[in-house]
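Working notes, structure below.
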Amino acid sequence: MRDAALARNVPDLLRDPFHRWLDKWHAIPLLMLAVVLAVWGIDGGGAFLAASLVTWGIFLRTTVQLHGTWLVNSAAHTWGRRRFATHDDSTNNWWVALLTFGEGWHNNHHANPRSVRHGLAWYELDLNWLCIRALHRVGLAKKLCLGSPVARHSGKNSGADPPVASEMLFSERK
Ligand SMILES: [Zn+2]
């Protein structure tokens, strides 16, 4: 069931060996970073500094990130405005968007879940999208999927893959 959902929503990621590896072994980069922070702390000041760096860099950071994700899936399904009449209770919530670098434009996301961009209007600050667009400009991100939430909402989506960034990245303005 999980693979079926992944195949439907992110078929390109499912085919990518790096992302498949990361999905299976997601703890490895975290453990590697913990070791680096611990060694750095011991080298720079001893066990207390090492414990402090690991606490802030691994445990606290991961906890805050997880709560941010859950905040999107709770607050942005409770409070906010709805641009699209999606078949759920998702909302665009500005304060959740500020706390999560743009993920709070959650109704936009539900209307077009494959799009890399969540903030659609100029006032919908989406730092995640701006970072990904910057990575695209320097060649580190490719084939960004933007889709078309209006077409999806109106039922005119043909079911074909949405346009990729090279086709509409800098011309789309909602
Ligand atoms: Zn949601």
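The values are calculated or read from the model by the stated rules, or taken from the named source; none is laboratory data. Small disclaimer: the values here were computed from a predicted structure and weren't measured. Counting neighbours? That spans all protein chains shown, and the Cβs are built from the backbone with ideal geometry, glycine included.
Things worth noting here:
- All positions within region 74-86 that are surrounded by 13 or more Cβ atoms within 10 Å (Cβ to Cβ) and either within 12 Å of the ligand (Cβ to nearest atom) or of a type in the set (Lys, Arg) (or both): 75, 76, 77, 80, 82, 83, 86
- Candidate set: region 110-130, residues that are more than 20 Å from residue 143 (Cα to Cα) and part of a loop (DSSP other than H, G, I, E, B); chosen: the one nearest to the ligand (Cβ to nearest atom): 124
- Boolean, residue 20 is surrounded by 12 or more Cβ atoms within 10 Å (Cβ to Cβ), under 22 Å from the mean Cα position of the chain (by Cα), part of a helix (DSSP H, G or I) and of a type outside the set (Phe, Trp, Tyr): yes
For (1) assigned to a helix (DSSP H, G or I); (2) out of contact with any Gly (no Cβ under 6 Å at 6 or more places or on another chain); (3) hydroxyl-bearing (Ser, Thr, Tyr), each residue gets a yes or a no:
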position	(1), (2), (3)
65	yes, yes, no
74	yes, yes, yes
83	no, yes, no
86	no, yes, yes
97	yes, no, no
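Here is a yes/no grid of residues against (1) within 16 Å of the ligand (Cβ to nearest atom); (2) over 23 Å from residue 145 (Cβ atoms); (3) in the same structural domain as residue 127 (by TED's automatic domain parsing):
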residue: 31; (1), (2), (3): no, yes, no
residue: 55; (1), (2), (3): no, yes, no
residue: 69; (1), (2), (3): yes, no, no
residue: 88; (1), (2), (3): yes, no, yes
residue: 108; (1), (2), (3): yes, no, yes
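- Conditions (1) over 30 Å from residue 35 (Cα atoms); (2) of a type in the set (A, V, I, L, M, F, W, C); (3) in a loop (DSSP other than H, G, I, E, B): number failed by residue 101: (1)
- Matching residues, region 112-138, being loosely packed, with under 14 Cβ neighbours inside 10 Å, among the aromatic types (Phe, Trp, Tyr) and closer than 17 Å to residue 93 by Cβ: 123
This table checks each residue for (1) over 30 Å from residue 79 (Cα atoms); (2) of a type in the set (A, V, I, L, M); (3) modelled with pLDDT under 55; (4) touching a Gly at 6+ places or on another chain (Cβ under 9 Å).
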position: 107; (1), (2), (3), (4): no, no, no, yes
position: 114; (1), (2), (3), (4): no, no, no, yes
position: 139; (1), (2), (3), (4): yes, no, no, no
position: 142; (1), (2), (3), (4): yes, no, no, no
position: 146; (1), (2), (3), (4): no, yes, no, no
position: 156; (1), (2), (3), (4): no, no, yes, no
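- For region 42-53, the criterion of a residue being exposed (fewer than 13 other Cβ atoms within 10 Å of the Cβ), closer than 20 Å to residue 141 by Cα and without any contact (Cβ under 8 Å) to a residue 40 or more places away in the chain is satisfied by no position.
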